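Peer 1: Supplied in structure tokens, the structure appears directly below.
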Amino acid sequence: MKKTILSTLVLCLVALLTISCASTQSRYSMLMADSYSAKPEGYDIQTFYDDDIPQRPFIKISRLDVHLEKTHFIGSSLNDALPDLKKQARLSGADAIIDIKETSSMVGETKIYHVTATGIRYTQ
Amino acid sequence: MKRHVVRVMLFGLILAMMAGCASTPVASDATPVTVFEQPIVQVQKAAVDALVVTGFDVTKQELTYVEGFRPRKIGLFVGSGGETVGIWLTEQGSNQTAVKVDTARSFTGIVGQKIWNTDIMNEMTKSLTK
């Protein structure tokens, strides 16, 4: 009986430490009144880094945000955020991502990473 | 030993229940006011964006009030999250909006919580002066 209670407590502690120590929040918001149908899952979203922009004409259609927080002093990077960033781009109907801006900070032992980008749609 | 284990479990349960209770932000006369030379709709959008950038889940989104809650995270020592932020918007003209921000921290986990007022105001200023 005693052993069962102890193992349950240990299990709960391990579960709490592994489940509740990280959070991911992501969203998109449209930059204009027009809305576009979402791109299908698996649609290849092109990513342009730094000041790189596509050669084809495009319009900026959405603002994309991904926010990652991890405790235990564990940090996050763009690679961790990219799948969610592309998912939000697809949901907003974008073809590609430009203007990627990263910010990092820390609260206690929680490392905070936020990335904002712009979803674009090709016009030709 | 059995009693001791039950006591520990009870304490944990009470702690978890207390952690679930979030405090409410309050806009008092002493809360600093920042005025933006922008219409209220633009400023409200910037307020929502600022909450997203600082890791808040937007829980209320009205034209004159926006509220967010930071999800709790358990850490090795203190963890973080559990703060509630309120942003009050007052239209002072067609192109002028006054803003007040207040962070409420919950009773438990206060060590890992932060006053987010300045960060949020900075984010709003950044997006409104683009």
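Peer 1: So what does the Cα-only Debye profile of the stretch A:22-122 read at q = 0.17 Å⁻¹, as log10 I(q)/I(0), no solvent term?
Peer 2: -0.72
Peer 1: Let me ask something else. Other chains' Cβ within 10 Å of A:63-71 residues: what's the mean? Write out the running numbers ahead of the final one.
Peer 2: Working: counts 4, 0, 3, 1, 6, 1, 6, 2, 10.
Partner Cβ neighbours, averaged per residue: 4.
Peer 1: Please average, across the residues of A:102-109, the number of beta carbons from any other chain that are within 10 Å of each residue's own beta carbon, and give a whole number. Walk me through the intermediate numbers first.
Peer 2: On the way: counts 0, 3, 0, 4, 1, 13, 12, 8.
Mean shielding count: 5.
Peer 1: Could you point to the residue in B:86, B:113, B:75 farthest towards the positive end of the stretch B:46-130's charge dipole, with +1 and -1 charges on the Cβ of Lys/Arg and Asp/Glu respectively?
Peer 2: Toward the positive end, the furthest listed residue is B:75.
Peer 1: Separate question: Any idea how far apart residue B:31 and residue B:6 come out in nm if each label point goes 7 Å out from Cα toward Cβ?
Peer 2: Reported label-point gap for residue B:31 and residue B:6 is 4.6 nm.
Peer 1: Taking the Cα centre of the protein assembly as shown as the origin and placing charges on Cβ (Lys, Arg +1; Asp, Glu -1), which of B:33, B:65, A:59 is farthest toward the positive end of the dipole?
Peer 2: B:65
Peer 1: Let me ask another. Would you work out the charge dipole size for chain A about its Cα centre, treating the Cβ of every Lys and Arg as +1 and the Cβ of every Asp and Glu as -1, and quote it to the nearest 20 debye? Before the final figure, lay out the partial values.
Peer 2: Working: 14 positive and 14 negative charges, 106 e Å.
About 500 debye.
Peer 1: Taking only Cα atoms, what is the 0 to 90° angle, nearest 10, from helix A:2-19's long axis to the longest principal axis of chain A?
Peer 2: 20 degrees
Peer 1: Taking 30 Å as the cut-off for C-alpha to C-alpha distance, list the pairs among A:87/B:130; A:3/A:111; A:39/B:45; A:70/A:101; A:86/B:45; A:86/B:100 that go past it. Show your work: numbers first, answer last.
Peer 2: Details: A:87/B:130 26 Å; A:3/A:111 36 Å; A:39/B:45 25 Å; A:70/A:101 19 Å; A:86/B:45 23 Å; A:86/B:100 34 Å.
With Cα atoms farther than 30 Å apart: A:3/A:111; A:86/B:100.
Peer 1: With a Förster radius of 35 Å, plug the Cβ-Cβ distance of residue A:104 and residue A:56 into 1/(1 + (r/R0)^6) and report the FRET value to the nearest 0.05. Intermediate results must be reported in sequence, preceding the final value.
Peer 2: Details: r = 32 Å, r/R0 = 0.92.
That gives a FRET efficiency of 0.60.
Peer 1: On to the next question. Among B:77, A:58, A:48, rank each residue by its count of other Cβ atoms within 10 Å, from fewest to most, as a rough exposure measure.
Peer 2: Values: B:77 10, A:58 19, A:48 16.
Fewest to most other Cβ atoms nearby, the residues stand as B:77, A:48, A:58.
Peer 1: If you don't mind, another one. Work out the mean other chain Cβ neighbour count within 10 Å for the residues of B:69-77 and drop it here as an integer.
Peer 2: Values: counts 0, 5, 6, 2, 12, 10, 11, 7, 4.
Mean partner shielding for this stretch: 6.
Peer 1: Another one. For the stretch B:49-110, go through all pairs of different Cα atoms, get the mean of 1/r, take its inverse, and jot down that Kirkwood value in Å. Let's see the in-between values first.
Peer 2: On the way: mean 1/r = 0.0779 Å⁻¹.
One decimal place: 12.8 Å for the Kirkwood radius.
Peer 1: Can you list residues from other chains, or at least 5 along the same chain, whose modelled amide H is less than 5 Å from the amide H of residue B:92?
Peer 2: Excluding prolines and chain starts, which carry no amide H, the hits are B:97, B:98.
Peer 1: Just round it to a whole percent: the fraction of Cα-Cα distances in the stretch B:22-128 exceeding 24 Å.
Peer 2: Values: 1193 of 5671 pairs.
Value for the stretch B:22-128: 21 percent of Cα pairs lie more than 24 Å apart.
Peer 1: Okay, next question. Could you pull out every residue, at least 5 positions away or on a different chain, whose amide H is within less than 5 Å of the one on residue B:59? Hs are placed 1.01 Å off N in the peptide plane, and Pro or chain starts have none.
Peer 2: HN-HN under 5 Å from residue B:59: B:67, B:68, B:69.
Peer 1: Work out how much length residue A:74 to residue A:33 would gain on full extension: take 0.36 nm times their residue separation and subtract the Cα-Cα distance, in nm to one decimal.
Peer 2: Extending this stretch completely gives an extra 10.9 nm.
Peer 1: Over the alpha-carbon set of the protein assembly as shown, divide Rg by the Kirkwood Rh and report the Rg/Rh ratio to two decimals. Write down the numbers at each step before the final one.
Peer 2: Numbers: Rg = 21.3 Å, Rh = 20.3 Å.
Over the Cα atoms of the protein assembly as shown, Rg/Rh equals 1.05.
Peer 1: Compute the signed sum of charges (Lys and Arg +1, Asp and Glu -1) over the other residues within less than 13 Å, Cβ to Cβ, of residue B:59. Please report the intermediate quantities before stating the final value.
Peer 2: Working: positive: B:60, B:70; negative: B:57, B:62, B:67, B:83.
Computed value for this residue: -2.
Peer 1: Still on this structure, I have one more. I want to check the label-to-label distance for residue A:123 and residue B:60. Put each point 7 Å from Cα in the C-beta direction and report it in nm to one decimal.
Peer 2: Here the answer is 4.2 nm between the modelled labels.
Peer 1: Fewest first, what order do B:37, B:123 take by the number of other Cβ atoms within 10 Å?
Peer 2: Values: B:37 12, B:123 21.
Taking fewest neighbouring Cβ atoms as first place, the list is B:37, B:123.
Peer 1: Which Cα, out of A:9, A:33, A:76, lies furthest along the positive dipole direction of chain A (beta carbon charges, K/R +1, D/E -1)?
Peer 2: The residue sitting farthest along the positive end of the dipole is A:9.
Peer 1: In Å, the Kirkwood hydrodynamic radius of the stretch A:71-124 over pairs of distinct alpha carbons? If you can, show how the numbers build up before the last one.
Peer 2: Numbers: mean 1/r = 0.0809 Å⁻¹.
Taking every pair of different Cα atoms in the stretch A:71-124, averaging 1/r and inverting gives 12.4 Å.
All of the numbers you see were taken from the coordinates with simple rules; none came from a lab. Owing to the predicted nature of the structure, the values given are computational and were not obtained by experimental measurement. Backbone-built Cβ (ideal geometry, glycine too); neighbour counts: all protein chains shown.
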